[in-house]
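The values are calculated or read from the model by the stated rules, or taken from the named source; none is laboratory data. None of these values were measured; they are calculated from a predicted model. For neighbour counting, all protein chains shown are included, and Cβ atoms are generated from backbone atoms with ideal geometry for every residue, glycine included. Surface accessibility is based on the protein's heavy atoms, side chains included, excluding ligands, DNA and RNA. Shrake-Rupley method; radii C 1.70, N 1.55, O 1.52, S 1.80 Å.
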Amino acid sequence: MTNDKLMAKTFYITTPIYYVNARPHIGHTYTTLACDAIARRQRMMGEDTYFLTGTDEHGQKIQRAAEAAGKTPQKFTDEVSAEFRVLWDRMGITYNDYIRTTSDRHKIGVQELWRRIRDNGYIYKGSYTGQYCVFDEMYVEVGPGEPCPECGRPTETVKEENYFFKLSAFAEPLLELYSHADLIRPETRRNEVIAFVRSGLRDLSISRSTFSWGIPVPDDPKHVIYVWLDALANYITALGYGSADSSKFEKYWPSDVHMIGKEIVRFHCVYWPAFLMAARLPLPKAIIAHGWLLFEESKMSKSRGNIVRTETILDVLGADALRYFLLREVVFGHDGSFSFDALVQRYNSDLANGLGNLASRTLAMITRYFKGEVPYPSQKAAHTGAEDLVAALAKHTISEFHELFQQYQFSRALEMAWALVAAIDKYIVENEPWALAEKQDEHSRARLATVLYTSAEALRIVTALAHPVIPEATAKIWTQLGLGDIAKVSLADLRWGQLPLGTKLGKVEPVFPRADKSAIERMQKMEEQQRPAEPDTTEVAQRATEAPPAAAGAGPNGASQGSAPLNKAAGVVPVAGADGKITIDDFAKVELRVAQVKVAERVKGADKLLRLEVDLGTETRQILAGIAEAYAPETLIGRKIVIVANLAPRKMRGLESNGMLLAASLEGGKPVLAGFLEDVPVGARLK
Ligand code: MSP
């Protein structure tokens, strides 16, 4: 046998690296835990598995988010990246490496990739004039002033001297790649990619020079490398590409699975293979795109303000509950809705009443009737067709589960495993071990042993299969079964009949306590508390009906300074000194930004109030403003306004207002919105 054959097969799986402009939510958790389940399973199949995750920390979007938070980009990214990492550790995510794009090892690798692509003749200098969507960090082919075709947000005009990547040279090789490789799944995404490439590929601008938060272009540090080229390279820089030690790169690259959400298919299936081809590096073997987690009918995301934090679910139900729910409930590849009701319902039916109950009743009966030792089922006479049926179903489940999991059909795989749970339950009910235990004759005793052995063996099989999905609970059941460390189990060798007779059980304890209605309320409350508390009601009432409030000059100390001052951020500006003046530092605390109105509508029952959704470049906000008597909602769409972006959120008429717009407040007249004579980019800060 050669050395190669002696070595375990390798398996390299990656998550997307997450942007640090937003704190982690269960959408990010979904991708990460799907990868974790796959990685755990591959390890249990005996493969030398390497699982990578990390954070994407460069680019204009992050730079602006840091500015908005009043932090340096490095401090800001350090903090949010650490939050992701802490969460993954709490979730029991078994990543082998955590890459940050601000790390030196990454920068070195990205610059090496750039040099290699350049030296192979695929990078040239040109000049770019066009529209850029900061939210998607992507150039888009629309006219000035038109919104991004992907996300609908306003685009910014970019006019720069840039480096270009000869993407157009790769249309044919890419189509060839898609035609015979099982590269992109599911099929719908593959078809989308093929259609995109067939419609023609234009060269891609891969550097920016109007901001600095990125990796400098080798030999031309005025430019930073396009954030997607920077980010995609993480999959190889984490393995040491471009460093002195490339042993991991040689061992694990190309990747077996890049797991991504469906919105970033183009970057992974078009740009990434093209960059790799240009660098003459091997291509990934599979790119798997899953759907979105929806909450209240739309994609869960920070900008929509509809996120659910993972920590809330961990605190109340634990990691296994969320892991099971997301993989069981959402059909992989499709969008799926999240709700606390559905989570608790699934938890109770499948985990507390399902697997948890099966484990406790089976193990408790073995403890009671056989002093905690797995009984001997051998007597032929005690064996009926019912045991054969359970064994046959278990064998079928093992092979089907394996097949479905390989195809990323987690939901169906778990459905199969839980059909086995239901079958064992039924088998126990029909064979009434408790009644057998009451009889003292030898046949009943043998039958009891057979029934309990069969149940325990089937339980063992479900537990082993489910381990990659619900690692914590299955590890406990395994110990209760007296079998030691479940992580050491070889799934490839899992067969019916391997439960050693006479195994001494561990202490039997429930693994999934039932959750009642209060669990839902607790989680909802915890999420609610994350949002700022309701302000004092008198103040709310006043703010809800006021015209654009008194001018800034009329700070907490009163005295208005004229007829139409602009700033209405009185609540944020610290109390002025005795002379009524504030310092420049005081002013700097007020974050004024340009925003663009995307949605405007009247608020029922409030004559003066409009509900606006405004775009800030990095996010969309809801703002309530008392300008309904001065502005018809439809006249505001597309208008650029100025808002106080760091005002603590308030509730008015049950709606949250996240910021405040600026308007001149005219004595006895209608408010007049602040604006600009020149065009200004959305998100720009006023200083
Ligand atoms: N930084 C880029 C990826 C670069 S990879 C080289 C990025 N980051 S992101 O923070 O926006 O996260 C993207 C991934 O998070 C999605 O592709 C998806 O895997 C996951 N999700 C974020 N929100 C999600 C949902 N609401 N639902 C499901 N997954 C979601 O794009």
Worksheet item: In debye, nearest 20: dipole of the range 1-118 around its Cα centre with unit charges on the Cβ of K, R (+) and D, E (-)?
Response: 220 debye
Practice prompt. Quick one: accessible surface of Phe135, probe radius 1.4 Å, all protein chains present, in square angstrom to the nearest 10.
Written response: 50 Å²
Worksheet entry | Computed [θ] at 222 nm, deg cm²/dmol, the chain (DSSP H ≥ 4; -39,500 (n - 2.57); rounded to nearest 500) | -12000 deg cm²/dmol
Item to complete: Scan around Glu137 for amide H atoms under 5 Å from its own, H built in the peptide plane at 1.01 Å from N, and keep only partners 5 or more places away or cross-chain.
Response: none
Item to complete: Give the distance, in whole Å, between the Cα centre of the range 603-650 and the Cα centre of the range 380-396.
Response: 67 Å
Worksheet item: Once the Cα atoms of the range 86-235 are picked out, what are the Rg and Dmax in Å?
Response: 17.4, 47
Worksheet item: Which order do Lys517, Lys302, Lys439, Lys604 take by accessible area at a 1.4 Å probe, largest first?
Response: Lys604, Lys517, Lys439, Lys302
Worksheet item: Can you list the HN-Hα couplings for the range 405-416, worked out from phi with the Karplus curve (6.51, -1.76, 1.60; θ = phi - 60°), rounded to whole Hz and with x for Gly and Pro?
Response: 5, 4, 8, 6, 9, 4, 4, 5, 4, 5, 4, 4
Response to the item:
Given pairs Lys299/Lys598; Lys488/Lys517; Lys371/Lys439; Lys75/Lys107; Lys107/Lys222 and cut-off 26 Å on Cα-Cα distance, the over-length ones are Lys488/Lys517
Discussion item. With a 1.4 Å probe and all protein chains kept in place, how do Asp679, Asp56 rank by accessible area, largest first?
Written reply: Asp679, Asp56
Worksheet, complete the sentence: Under the rule rounded for a/c under 1.5, else prolate if a/b exceeds b/c, else oblate, using alpha carbon gyration tensor axes a ≥ b ≥ c, the range 339-449 is classed as oblate
Discussion item. I'd like to know which of Pro649, Ala628, Pro671 lies farthest towards the positive end of the charge dipole of the range 584-673, counting +1 on Cβ of Lys and Arg and -1 on Cβ of Asp and Glu.
Written reply: Ala628
Discussion item. Between the range 13-52 and the range 198-226, how far is it from one alpha carbon centroid to the other, in angstrom?
Written reply: 29 Å
Worksheet item: Which cross-chain or sequence-distant (5 or more) residues have an amide H under 5 Å from the amide H of Ala684, H modelled 1.01 Å from N in plane?
Response: Val594
Item to complete: Please report the relative contact order for the range 2-311, taking Cα pairs under 8 Å with a sequence separation of at least 6, and give it as a percent rounded to a whole number.
Response: 22 percent
Practice prompt. Determine ³J(HN,Hα), in whole Hz, for all residues of the range 447-463 in sequence, where each value follows from phi through the Karplus function 6.51 cos²θ - 1.76 cosθ + 1.60 and θ = phi - 60°; x replaces Gly and Pro.
Written response: 5, 4, 4, 5, 4, 6, 4, 4, 5, 5, 5, 5, 4, 4, 5, 4, 4
Worksheet entry | Contact order normalised by residue count of the range 1-148, Cα under 8 Å, 6+ apart, percent | 23 percent
Item to complete: Return the long-range amide H neighbours of Thr55 (sequence gap of 5 or more, or a different chain), with a cut-off of under 5 Å between placed amide H atoms.
Response: Tyr18, Ile99, Arg100, Thr101
Item to complete: Work out the charge dipole of the chain with +1 on the Cβ of Lys and Arg and -1 on the Cβ of Asp and Glu about the Cα centre, then indicate which of Asn353, Val227, Pro186 is farthest towards its positive end.
Response: Asn353
Item to complete: Considering the convex hull of the alpha carbon atoms of the range 58-162, report its projected area averaged over all viewing directions, in nm², one decimal.
Response: 9.4 nm²
Item to complete: Rounded to whole Å and sorted largest first, list the principal axis extents of the Cα atoms in the range 256-390.
Response: 69, 40, 24
Discussion item. Could you give each residue of the range 465-476 its phi-based ³J(HN,Hα) in whole Hz, using Karplus coefficients 6.51, -1.76, 1.60 with θ = phi - 60°, and x for Gly or Pro?
Written reply: 5, 7, 3, x, 8, 10, x, 5, 5, 5, 5, 5
Item to complete: Using only the Cα atoms of the chain, each taken as one equal point scatterer with no solvent, compute I(q) by the Debye sum, divide by I(0), and report log10 of the ratio at q = 0.06, 0.07, 0.08, 0.09 Å⁻¹.
Response: -0.45, -0.59, -0.74, -0.89
Worksheet item: Given +1 on the Cβ of Lys and Arg, -1 on the Cβ of Asp and Glu, and no further charges, what dipole in debye does the range 584-673 carry about its Cα centre, rounded to the nearest 20?
Response: 260 debye
Item to complete: Evaluate Rg over Rh across the range 409-520, taking Cα atoms for both radii and Kirkwood's formula for Rh.
Response: 1.00
Fill in: Length-normalised contact order for the range 348-493 - Cα pairs under 8 Å, 6+ apart - percent
29 percent
Fill in: Among beta bridges that DSSP assigns inside the chain, antiparallel share in %, nearest 5
70 percent
Discussion item. Shape verdict for the range 2-311, please, from the Cα gyration tensor: rounded (a/c under 1.5), prolate (a/b greater than b/c) or oblate.
Written reply: rounded
Item to complete: Quote the charge dipole size of the chain about the Cα centre in Debye, to the nearest 20; the model charges only the Cβ of Lys and Arg (+1) and of Asp and Glu (-1).
Response: 400 debye
Item to complete: Give the shape of the range 390-465 as rounded, prolate or oblate, defined through the alpha-carbon gyration tensor: a ≥ b ≥ c are the square roots of its eigenvalues, a/c under 1.5 means rounded, and otherwise the shape is prolate if a/b is larger than b/c and oblate if not.
Response: prolate
Discussion item. Distance between the C-alpha centers of the range 315-329 and the range 330-346? Whole Å please.
Written reply: 10 Å
Worksheet item: Translational D (Stokes-Einstein, µm²/s) of the range 584-673 at 25 °C and 0.890 mPa s when Rh comes from the Kirkwood sum over C-alpha pairs?
Response: 183 µm²/s
